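Working notes, beginning with the structure itself.
The values are calculated or read from the model by the stated rules, or taken from the named source; none is laboratory data. Quick caveat, the model's predicted, so the values are computed rather than measured. Using ideal geometry, Cβ is built from the backbone for each residue, glycine included, and neighbour counts are taken over all protein chains shown.
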Amino acid sequence: MPSIELRTRQSLALTPRLQQSVRLLQLSALEFQQELRTALDTNPFLEYDSSETEDVALAGTTSGEEAGALPAADTLAPTEPDGSSSAEGASADSLEGASQDDMPADFSGDYGSRGSARQNGDADGSDPADWARSQPTLREQLHDALRLYRLDDRDRAVARFIIEALDDDGYLRQSLADLADSVDLEPELSEEELLVALRLVQSLDRPGLGARSLSECLALQINALPADTPGRDVARQIVEHHLERLARREQAELQKQIGCSADELRVACALVRKLDPKPGNCYGRAEDNYVVPDVIVRQARNKWVVSINPAVQPRARIHRMYAQLFAQSAGASRSPLAQQLQEARWLIRNAQQRFDTIQRVAECIVTHQKAFFQYGEIALKPMVLRDVADELGLHESTISRATGNKYMATPRGIFEFKHFFPRELGTESGGTCSAAAVRALLKEMIAAENTRDPLSDVTLAKMLADQGVLVARRTVAKYRHLMKVPPAELRRQL
């Protein structure tokens, strides 16, 4: 029989403001700048703050009760090293602490007229991409070099065809017969013409480009060396006829087949190892290994000070005139613009909270890993996210978001926040050490080894055990692989 029943239930839900706060916290510095730039371009109540002195004057003449005035939380302002906000005690529509030169290109310039800034972000009409340094690709470099040669139309077309047929690493892996069949020229293209064009392409730039095999690639590089280069003739014989024996390190058989002395063979092998097996990889490489640090760590009077990087804090504020006009209009609370004004305030407050959280986490990391900044990787202590969460009174997931894709500029280099949370390993005395410290020890041991008799993984594990660090051979092999160090047999030099 149908019945009606009342039940009481509690549930936890994230408000739109909290969802935005969580999302902003986990963004990287570049992603956050893009997010704020998008908001500045779409929300009429947000504007670029390009003048600090003007904001100070406005702060002294405008009362907080006026419709356009906003509380301190409505301005995106940097935090000082001690954690306090630089906007405290002032009318908070300014973002201080970052000079015009420190601002990213997307947030610099005179934006006195909001309409002109929205329609044309660059006053001179130039494209910021024009200022970016781009590395030419392999084909672009070869085409540019080919223009310097005086060739007839047919020869130039064949050479261009060869260039376009090259792989990204610089090799020509299609046979000349297949290439000849795929070209529609009158009269028909012969393999001899392709071979002549290939020799021309091989001489355009770096030696080894246009090679059809590894042996030919290395031989081209050796032929380009001066005739008096030590070991040149023996090295040519090795790359042309004995590459497999060299890979298997059959030194005695190599010496017997070539008919050279042990010293000559050692010099030739060292020369071959210096050659580039993939010469095309140095062209057009994507330079995406640049990061923007979120915080900067400096030493001042024997104390490590953490500050937010001014370059990642674009100046933004609520547009005072628009907010004032909107507040004075009739039916403002029912207008769709009311939601945009609220979103603008949320964005600025959540952005400020993002920087505050990142700085607090960075300061906690620096406090725990103070020895690292003094002595390096070997002094890095084991630490987990819960240690920081308990100390700051935050949830562990919040610390995870605050450390993901965040970077710290230190006197020892730029490190990701997660670099300071190494895994814990046990020691013979019952204590603990970090995995990063173990890798630092391994690096020192390998650097000091005898290159003629390099240390094996088993030997490295025993040497670590002698220093009280208990790790398995497989762990040593894993750390060695992470450091991009080859095994002992490949590190041996004759």
Residue tally, condition at pLDDT below 85 and assigned to a loop (DSSP other than H, G, I, E, B), over the range 452-471
5
Based on this model, can you work out whether Ile238 counts as of a type in the set (A, V, I, L, M), in contact (Cβ under 8 Å) with a residue 24 or more places away in the chain and touching a His at 6+ places or on another chain (Cβ under 8 Å)?
no
Could you check how many residues of the range 260-318 are surrounded by fewer than 18 Cβ atoms within 10 Å (Cβ to Cβ) and part of a loop (DSSP other than H, G, I, E, B)?
16
Selected residue (criterion: farthest from the chain's Cα centre (by Cα)) from residues of the range 472-494 that are part of a helix (DSSP H, G or I) and surrounded by fewer than 13 Cβ atoms within 10 Å (Cβ to Cβ):
Glu489
Look through Gln251, Gln299 and report the one residue that is polar (S, T, N, Q) and at pLDDT 90 or above.
Gln299
